[in-house]
1. If I stretch the segment between LYS127 and LYS43 completely, what's the gain in nm (0.36 nm per residue apart, minus their alpha carbon distance), one decimal?
2. Test of understanding: what is the full-extension gain from ASP100 to ALA4, defined as 0.36 nm times their sequence separation minus their Cα-Cα distance?
3. Is any residue of the range 71-88 close enough, with backbone N under 15 Å, to a label point placed 7 angstrom from the Cα of VAL56 along the Cα-Cβ axis, and if so, which?
4. According to a simple spin-label model (label point 7 Å from Cα along Cα-to-Cβ), what is the distance in nm between LYS74 and LEU33?
5. Of all the Cα-Cα pairs you can form in the chain, what percent are over 19 Å apart?
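Laboratory data are not the source of any read-out in this text; all were calculated from the coordinates shown. In this text, all values refer to a predicted model and were calculated from it rather than measured experimentally. Here the Cβ is made from the backbone with ideal geometry for all residues, glycine too, and neighbour counts use every protein chain on show.
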Amino acid sequence: MDLASLYRWPEGPWLRTMMVMTLDGATVGADGLSGSISGAADKRVFMEARRLADVVLVGAGTIRAERYKPMVTKSTWLEARLAAGLAPAPQVVIVSGRLDLPWEEPLFSESALPVIVATGTEVDPAKVAEARRSCGGRAFRR
């Protein structure tokens, strides 16, 4: 099956969202992770949607639970990404109200592009400073 043709990106600015859910509305399995309720077909579609994404937007709770791996350049995606005028890998943007994130995780130090963290104005300035250090200065407030 040619997923690229089924999940083609339209021209111009576009927002695509994805999530998995069980028939009873659960978004995580018994292990507390979303991956355990995803089958092989779900994962293929998920990766196709991500292949040409500019940004992967993730909530802080998902980052803490799932322990995202670094967003790196994939050789199988590189030609298509460059032809589309995209960076070699998607940018990770995390939305966090408390900045309670696992800064030691490789996601922050090994991703192809610095991780961006969006937070609110009520966050402790010391936590904002820690986020900026961990994200190469790209943490910001809204």
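1. 26.8 nm
2. Gain on extension, ASP100 to ALA4, equals 30.9 nm.
3. 71-78, 87-88
4. About 1.7 nm separates the two model spin labels.
5. Looking at the chain, the distances longer than 19 Å represent 57 percent of pairs.
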